[in-house]
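Everything below concerns the one structure shown next.
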Amino acid sequence: MSDFPKAREAGLILEPLDDELLVYDIQSHRSNALNATAAFVWRHCDGKTSIPELARCLAGLPAEERDG
């Protein structure tokens, strides 16, 4: 596992829905609705943000946003 996770981009359609994110895989025809917290994590899996840095960012979110 990389210390700098990168979300898969190929073969996906991403549709933002307010703070949430709909991820549709065009190969498997499956979709996932990510709540605000999961969408936050997905958006920060950019290959540049380390896992400890991501954890610090999550810890800094208000509880209502973090627990989405």
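Miscellaneous remarks
- Only Lys, Arg, Asp and Glu carry charge here, each on its Cβ (+1 for the first two, -1 for the last two); on that basis the chain has a dipole of about 300 debye about its Cα centre.
- Cα-based radius of gyration for segment 12-66, normalised by 2.2 N^0.38 Å, reads 1.23.
- Couplings 3J(HN,Hα) for segment 22-38, derived from phi with the Karplus relation 6.51 cos²θ - 1.76 cosθ + 1.60 (θ = phi - 60°), are 9, 10, 10, 8, 6, 7, 8, 6, 10, 10, 9, 9, 8, 5, 4, 5, 5 Hz, where x marks Gly and Pro.
- With at most 10 other Cβ atoms within 10 Å, longest stretch of the chain clear of loop trypsin sites (Lys or Arg not before Pro) (DSSP): 9-47
- HIS44-ASP18 FRET efficiency (beta carbon distance; Förster radius 25 Å; 0.05 resolution): 0.90
- Calculated mean residue ellipticity, 222 nm, the chain: -8500 deg cm²/dmol, from DSSP H runs (n ≥ 4) at -39500 (n - 2.57) each, averaged per residue and rounded to 500.
- Positive end of the dipole of the chain (Cβ unit charges, origin at the Cα centre): among ALA55, TYR24, PRO5, the Cα lying farthest that way belongs to PRO5.
- Rel. contact order, % - alpha carbon contacts under 8 angstrom, at least six apart, segment 12-66: 23
Throughout, read-outs are computed from the coordinates displayed, never taken from laboratory work. These figures come from a predicted structure and were not determined experimentally. Every residue, glycine as well, gets a Cβ built from its backbone with ideal geometry; the counts of neighbours run over all protein chains shown.
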